[in-house]
Amino acid sequence: MFLTISTTGTAQRPATDLGFLLHKHPEKAQAFSTSYGRAHVLYPEADDSRCTAALLLEVDAVALVRRGKGKGRGGAPDAALAQYVNDRPYAASSLLAVALSGVFSSAMRGACNARPELPGQPRPLRIEVPALPARGGPELVRRLFEPLGWAVTAEPVPLDSAFPQWGDSRYIRLVLDADTLTVAEALRHLYVLLPVLDDAKHYWVSSDEVDKLLRAGEGWLPGHPEQKLITSRYLSRRWSLTRQAMDRLELVRLAEADDSEVEDIDNAVEAEAEQEEKPTPLAVQRREAILAALRASGAARVLDLGCGQGQLVQQLLRDPSFTEIVGVDVSMRALTIASRRLKLDRMGERQASRVRLLQGSLAYTDKRLEGYDAAVLSEVIEHLDLPRLPALEYAVFGAARPRTVVVTTPNVEYNVRWESLPAGHVRHGDHRFEWTRAEFRAWAEKVAGRHGYQVDFLPVGPDDPEVGPPTQMAVFVTGTAQEAKAA
Ligand code: SAH
C-alpha cells in the first residue's frame, strides 16, 4: 500500500518545507510500527523545487487477525473474520488511512513548533495513490474530492493489462492536485475519504469513531454535498464490520463481568489504587456527590452529558424525583453498552418513559438539550481538545442553558498519590488535559461569568491537605435558579 504527497517550491518557499509540515526529515527514511504492520516514510525526491514524501505500509496479516479478536480477554479466534484478511496487505486503503493518522498525527492537526507559520499556508500539492479500491468508481471519487478543491484524475486499473478483455478491476489510480489547500487539510481529507471509498471491512475497535470523524471532518465535512454518504459509509464501514465482532465480544464480556468490569479505564485505575484500604471506589463517590448536588438543586429533568456507559443514568433512574433522564454521548459504542446496562429493551413502559439515550456531540449546539433543570458533565471536559472546549461551553452554558450544571474533572495535583500511575502521566489515555485546582477554578469562573452563572466548588474523594481531592467538582447555578431557591 502506497501513497505519495508532493509539492513544488522556490528558493524562497522551498518544496522541502514539506519535511517540516509532515514532521519527517527528508534525508531520513523512517519506519514506524502501527497496529497493522510497519509504515515507512521516505522521500524519493527532495530539493527546493520538488519534494515528494512516500508512505508505504507493509501490512502484517497476522497482526490483523490478532486485532480482529479485539480487546476481549481470552476470546476465541473468530474464524468468520479470517476470511476478510486475504487481500488486505495490498488493497486496504482504510488501513493506509489509519497509518496516515498514526504517522502524521501532528501534521494532521496542523501543528509545527519549528515553523509555526507553515501549516496555515496552502501550497501546491499532489497526492498519488497507484491502486485505490474505490467502490463507486471514478465518478464517486470526483464527487468526493472535487468539492474540496482538488482536481481529480481517477483512472480505472485494468484487471490484467495483458488481457484487456477482462475489463477493469475495482481499483483506480488516483491523482489529486490542488494549490488552495494546506497539508493538514489534505491529510484530513484522505483520512476520512480513503475508508469511505474502500469497500473492504475493517477491524479496528475504537469507542469514538464518530468523534474521530467529526474531528477530521472539521471545516470541510459540514456542508459537503456528499456529507450524508460520507458519514454513513465511514461509520457503517466500521460498524457493520466491527459490530458483529464487538457485539459478540461485548456480550461475552458483559455476561462474564459484573458492572465494575465494564466501567471506564480510569475507574479501574482508581479502584486498583484504592483496593488496599477498600474504601468506596472513587467512581462511586463521584456519582454520590453528583446525585447529592442534583437533589439539592431540586432538579427533576436531568441531562447526563457524555454519559458514557450509563452508570449515572442507571443510578438516577432509581430515584423517582428524577422524572426525565437523558443520557447523551458521541460514542455509539458507549450508548450500546449503556442501553444494555439499563436493559432498555426490557424496561416497563413507565420506567422507559423516564429515560432516553441520545447520540450527539457536545461540541455543537443541539436543540434537543434545551429546557432541562440540570446537566451533568462527569469526567467529560478533559476528553475534548482544549481548542474545542469553548464550543462545548457555548453549547451547554450558552445554548442548552440548564439551571444547574455539575462538572467534575480530575485534579492533576492528586496524581502523585496514585501509586500505579507513572509520574507525569494522565489517568486515562484519552484525557487531553488534566487541571490543577487553580486551573479548574479559573476556567469555571470564566465560564460562569461569561454565561451568567454562579459557581461553587466541592471536593470529591479524600481531600488531601497538600494536593487536594482526586476529583474536583463545580456546581454552576443560574441567577434565576438562585432566586427561586431563596424564595
Ligand atoms: N460521564 C461518564 C463517562 C466519562 S468518559 C462517567 O463519569 O463515567 C467521557 C465520555 O465523554 C465518553 O463516553 C465519551 O464518548 C464522551 N465524549 C467525549 N467527547 C464528547 C463529545 N464531544 N460529545 C459528547 N460526548 C463526548
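Each reported figure results from applying straightforward, stated rules to the coordinates on display, with no laboratory input. All values reported here derive from a predicted model rather than from experimental measurement. Heads up, the Cβs are rebuilt from the backbone with ideal geometry, glycines too, and the neighbour counts pull from every protein chain shown.
A few notes on this one:
- For the residues TYR394, TYR364, TYR414, the requirement of being more than 11 Å from the ligand (Cβ to nearest atom) and surrounded by fewer than 18 Cβ atoms within 10 Å (Cβ to Cβ) singles out TYR394.
- Scan the stretch 131-174 for residues that are assigned to a strand (DSSP E or B), surrounded by 14 or more Cβ atoms within 10 Å (Cβ to Cβ) and in contact with a Leu (Cβ under 8 Å, 6 or more places away or on another chain) and the total you get is 11.
- Boolean, ARG346 is more than 22 Å from the chain's Cα centre (by Cα) and free of Cβ contacts under 8 Å to residues at least 12 places away in the same chain: yes
- Flag if ASP385 is loosely packed, with under 15 Cβ neighbours inside 10 Å, in contact (Cβ under 8 Å) with a residue 12 or more places away in the chain and more than 8 Å from the ligand (Cβ to nearest atom): yes
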